[in-house]
Structures are given as C-alpha cells and as structure tokens.
Amino acid sequence: MKKLILALAALLSLTACSGPTPQNDKPVELHIFAAASLTETLTEIAEQYQETAPDVTLVFTFDSSGALQSQIEAGADCDLFLSAAQKQMDALDTSKEGGDYIDSATRIDLLKNTVVLAVPEGNPAEIHTFEDAASGKVRLIALGNSDVPVGQYSEEIFTCLGLWDSLNRDHKITFGTNVKEVTSQVSAGAVDCGVVYGTDAYSAGLTVAAEAPEGSCQPPIYPVAVLKNSAHPEEAAAFLDYLSTDAAVSVFTSVGFAMAE
C-alpha cells in the first residue's frame, strides 16, 4: 500500500509540473483582399492550396480595388492584397509616396490582363469596334466607376479615341461599382456593350467585339503584397509564393491571364 501511495504521489507531482495538455492549434485564417476580376481563379486556386497547406483557411473579400484600398486604409483585417492596377497599391505603399500599409519588400507584379469591349449574346447592336460605342448603334454602354480600375482604363481608352466627352454628353454610360457588375449588365442584355477585362468576358461566356487599341490605355498589371499589419505574415508570404507555382499559373492562364514579366 505504501508503495502504491508513493507511486500515485509521484504521478500527481509530474502532472502538476507539466501543466495542462496543450490543445491543437486552430487553422490559420488568412484574410485576402482581391480585385473582383480574380474571383473565379482565386476560388479555384484556394481549393488546390488546401492540399498544400491544410491548416490554412483562405478568407476572400472580392471587390473593386478602390473599395478594397479604402477598407485597408480604414483598418480592415487583411493579410494579402491583390489589386487590378498599380494606382491602388501605390496609394498603400510608402515607397511610392503612399500610405504605410503594405510590406514593400513583398510587393510583386503578378499578372497581366487585357481590356475588351464585350457584347451580349448575338451582338444585337452589331458592335465591332470601340468607336462603335459612341455611334448611333449604341443606346447604353456599361463602364466601371472612376474609382474602379476597369473604369479608369475605359476612360483612358475613350479619351485617347476622342470619344469620352461625347459618351458623357449623350448620356450613354451606365456605371458599375466593380467589373462583375459591368459584366452582369452585358450578360443580361441590359446594355448594348460594356468594357471589361478579357478574363471576365471569358468566365462569363461573353462575346468580345474588340480589344483595346494598342497604346490607348496602360496595360492592366496586377500587383500583390503582404500587409504590414498582417496577423500571419509568414503564411501570407507562403500563399503569395504559391501564386507563382505551375499549379496556380495554369489556372490563371486558362482564363486568359498572362504572368507579368
């Protein structure tokens, strides 16, 4: 009996010294803000990434790059930002005389896109060029708002072609808060045409009437960076690296993205 008591006392002593048994860590949640035009590709890539990093849960917020920039500046939880234009990323980057929000050392140019004029099924207005958008063929054209990269590219194109003032004067423009809204208006036939990214036209099954004339706008480049206030900077950097792997690249290129040089 005495030996049993001593054994129990020793066991209790060891338990007290070792403390409570540690619990398994919860999966890391990465909050990723990404341009709306990346919705389909990043959703597919996220499914692949679960096999590579099963303990990492990717939580996406898709919207216009301008809206996402504003949310980051307002203090939203964000680990990684993927913009559809340099302007919004520059505004968050101290090295570009912007705000002190992103880790500039992690910033890379990831993707290239195209800007196209898309039309509803059957192209009922018989639109074939960007110039046609300002002609009598068109009743309404859908464009992104001025704070949306695709809207900024659209204004560049029509200004370059000398058509921006006439489109506004004739009240032909209906605006969307992001590229998906523009795409939806074209898909529904609510407008005669709309300016979207080539990848969005592909994903929505829209007919492309024309690509932006060469030199009419800045090429759409998608930069990406880890946020300085990221709660999980190592995991965010690991996912950023994954976006350049063969598996991720094949998803991007399947819908018409090209990798930035």
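The values are calculated or read from the model by the stated rules, or taken from the named source; none is laboratory data. Note that this is a predicted model, so its numbers are computed, not measured. All Cβ positions, glycine included, derive from the backbone under ideal geometry; neighbour counts span all protein chains shown. Just the protein is used for accessible areas: all its heavy atoms, side chains included, with ligands, DNA and RNA removed. Shrake-Rupley method; radii C 1.70, N 1.55, O 1.52, S 1.80 Å.
Only a single criterion out of (1) over 24 Å from residue 89 (Cα atoms); (2) in contact with an Asp or Glu (Cβ under 7 Å, 6 or more places away or on another chain) is not satisfied by residue 216, namely (1). Residues that are open to solvent by 50 Å² or more (accessible area, probe 1.4 Å) and either acidic (Asp, Glu) or closer than 16 Å to residue 53 by Cβ (or both) within the range 246-256 comprise just one, 246. The set of residues in the range 67-79 being in a loop (DSSP other than H, G, I, E, B) and open to solvent by 10 Å² or more (accessible area, probe 1.4 Å) consists of 74, 75, 76, 77. The condition of being within 28 Å of residue 188 (Cβ to Cβ) and either without any contact (Cβ under 8 Å) to a residue 24 or more places away in the chain or open to solvent by 70 Å² or more (accessible area, probe 1.4 Å) (or both) holds for only one of 211, 234, 261, that being 211. Within the range 233-247, being over 24 Å from residue 72 (Cα atoms) and assigned to a helix (DSSP H, G or I) holds for 246, 247.
Every condition in (1) open to solvent by 70 Å² or more (accessible area, probe 1.4 Å); (2) without any contact (Cβ under 8 Å) to a residue 12 or more places away in the chain holds for residue 168 except the one numbered (1). For the residues 154, 250, 230, the requirement of being under 21 Å from the mean Cα position of the chain (by Cα), under 18 Å from residue 139 (Cα atoms), of a type outside the set (Lys, Arg) and outside any strand (DSSP E or B) singles out 154. Selection of the range 186-205 for residues being open to solvent by 10 Å² or more (accessible area, probe 1.4 Å) and either among the aromatic types (Phe, Trp, Tyr) or more than 20 Å from the chain's Cα centre (by Cα) (or both) yields 187, 188, 189, 190, 192, 202. Scanning the range 150-164 for any residue that is modelled with pLDDT of 95 or more and under 21 Å from residue 31 (Cα atoms) turns up nothing. Is it the case that residue 132 is touching a Ser or Thr at 6+ places or on another chain (Cβ under 8 Å) and among the charged types (D, E, K, R)? It is false that residue 132 is touching a Ser or Thr at 6+ places or on another chain (Cβ under 8 Å) and among the charged types (D, E, K, R). Looking at 57, 41, which one is in contact with a Ser or Thr (Cβ under 8 Å, 6 or more places away or on another chain), over 15 Å from residue 147 (Cβ atoms) and of a type outside the set (Lys, Arg)? Being in contact with a Ser or Thr (Cβ under 8 Å, 6 or more places away or on another chain), over 15 Å from residue 147 (Cβ atoms) and of a type outside the set (Lys, Arg) holds for just one of 57, 41, which is 41. Within the range 54-64, the set of residues being open to solvent by less than 20 Å² (accessible area, probe 1.4 Å) and either in contact with a Phe, Trp or Tyr (Cβ under 7 Å, 6 or more places away or on another chain) or of a type outside the set (Ser, Thr, Tyr) (or both) comprises 56 only.
Might you let me know whether the range 90-100 holds any residue that is touching a Leu at 6+ places or on another chain (Cβ under 7 Å) and closer than 25 Å to residue 41 by Cβ? The answer is no, given that none of the residues of the range 90-100 is touching a Leu at 6+ places or on another chain (Cβ under 7 Å) and closer than 25 Å to residue 41 by Cβ. The residue list 195, 224 contains one member that is part of a strand (DSSP E or B), in contact with a Ser or Thr (Cβ under 8 Å, 6 or more places away or on another chain) and closer than 27 Å to residue 29 by Cα, which is 224.
Only one of the numbered conditions (1) open to solvent by less than 40 Å² (accessible area, probe 1.4 Å); (2) more than 16 Å from the chain's Cα centre (by Cα) is violated by residue 221, and that is (2).
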